[in-house]
1. Residues to consider are Arg90, Arg81; find the one that is among the charged types (D, E, K, R) and touching a residue at least 60 places away in the same chain (Cβ under 8 Å).
2. Restricted to the stretch 107-146, and to residues that are among the small types (Gly, Ala, Ser) and within 19 Å of the chain's Cα centre (by Cα), which residue is surrounded by the most Cβ atoms within 10 Å (Cβ to Cβ)?
3. Does Pro97 qualify as being at negative phi and out of contact with any Asp or Glu (no Cβ under 9 Å at 6 or more places or on another chain)?
4. Just for the stretch 93-106: of the residues that are under 14 Å from Ser166 (Cα atoms) and open to solvent by 50 Å² or more (accessible area, probe 1.4 Å), which one is nearest to the chain's Cα centre (by Cα)?
5. Please go through (1) assigned to a helix (DSSP H, G or I); (2) at pLDDT 90 or above for Asp144 and return the number of the only condition it doesn't satisfy.
6. Scanning the stretch 119-159 for residues that are touching a helix residue (DSSP H, G or I) at 6+ places or on another chain (Cβ under 8 Å) and β-branched (Val, Ile, Thr), which turns out nearest to Asp105 (Cα to Cα)?
7. Open to solvent by 70 Å² or more (accessible area, probe 1.4 Å) and among the acidic types (Asp, Glu), is that true of Asp149?
8. Condition check: modelled with pLDDT of 90 or more, in a loop (DSSP other than H, G, I, E, B) and on the phi > 0 side of the Ramachandran plot. Does Gly157 satisfy that?
Amino acid sequence: MSQKPQQIIHTLSRRQSRQKWERILAVIAALLLIGAWFYGYFQTSANVEANFEFVFPQADRFVRSGALWEAYASSPDQESRLIGYVGIGRAPSYGGPLEVMVGVDLEGTVNGAMVVDHRDTPSFFHNVAAGGFLNQIPGKTYLDPFQVDDDIDAVTGATITSAAISHAVK
């Protein structure tokens with residue numbers, strides 16, 4: 001009879017120990033998820049800044065100014081002058097939010113555009129990228145409608161993605 005209370009105490013002790021380890025593992029898992037989110041957030045920001053030259057190849061310096069970045073180019077006499085702005089446009093797309101980096105000169109003409117984040121089906125997005133869809137955007141101004149089938153030709157099989165990019169650029 002004295003064995004049963006000891007077995008009960010031992011069983012309770014094992015259960016409490018297991019619950020304690022489960023709590024510790026849950027806290028560790030939550031911390032890892034939070035850490036992964038922060039890493040992804042800052043990694044995306046770093047990727048955006050690394051690609052400024054793609055939308056403004058003539059710029060040699062970019063300065064953050066609120067939600068935009070100012071693009072500067074040095075002249076032969078080494079004076080740096082403002083030549084335009086770089087911003088990130090967002091729009092809902094087929095697979096979720098889509099972000100496009102856009103460079104615009106001082107007259108409001110698009111200098112370049114690049115998709116920096118998307119959640120669309122890779123094969124659909126590949127059709128957009130390989131089809132040269134983004135090549136239609138440089139040279140357009142803020143006055144253009146940026147409407148698929150109006151002044152922008154959609155990519156067959158990726159109409160929603162094409163429209164989302166156009167909307168994000170606008």
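1. Details: Arg81 fails: touching a residue at least 60 places away in the same chain (Cβ under 8 Å).
So the residue among Arg90, Arg81 that is among the charged types (D, E, K, R) and touching a residue at least 60 places away in the same chain (Cβ under 8 Å) is Arg90.
2. Taking the stretch 107-146 and keeping what is among the small types (Gly, Ala, Ser), we get 108, 112-113, 123, 129-132, 139.
Narrowing the set further to residues that are within 19 Å of the chain's Cα centre (by Cα) leaves 112-113, 123, 129.
Details: Gly112: 21, Ala113: 25, Ser123: 9, Ala129: 15.
Top of the filtered list is Ala113.
3. Values: at negative phi: yes; out of contact with any Asp or Glu (no Cβ under 9 Å at 6 or more places or on another chain): no.
Criteria not met by Pro97.
4. Pro97
5. Of (1) assigned to a helix (DSSP H, G or I); (2) at pLDDT 90 or above, only one is false for Asp144: (1).
6. Here the answer is Ile137.
7. On the way: open to solvent by 70 Å² or more (accessible area, probe 1.4 Å): yes; among the acidic types (Asp, Glu): yes.
Criteria met by Asp149.
8. Numbers: modelled with pLDDT of 90 or more: no; in a loop (DSSP other than H, G, I, E, B): yes; on the phi > 0 side of the Ramachandran plot: yes.
No, not satisfied.
The values are calculated or read from the model by the stated rules, or taken from the named source; none is laboratory data. Treat the numbers as computed from the prediction; the structure is a model and nothing was measured. Methodologically, a virtual Cβ is constructed for each residue, glycine included, from the backbone with ideal geometry; neighbour enumeration extends over all protein chains shown. The accessibility values were calculated without ligands, DNA or RNA, using every heavy atom of the protein model including side chains. Shrake-Rupley method; radii C 1.70, N 1.55, O 1.52, S 1.80 Å.
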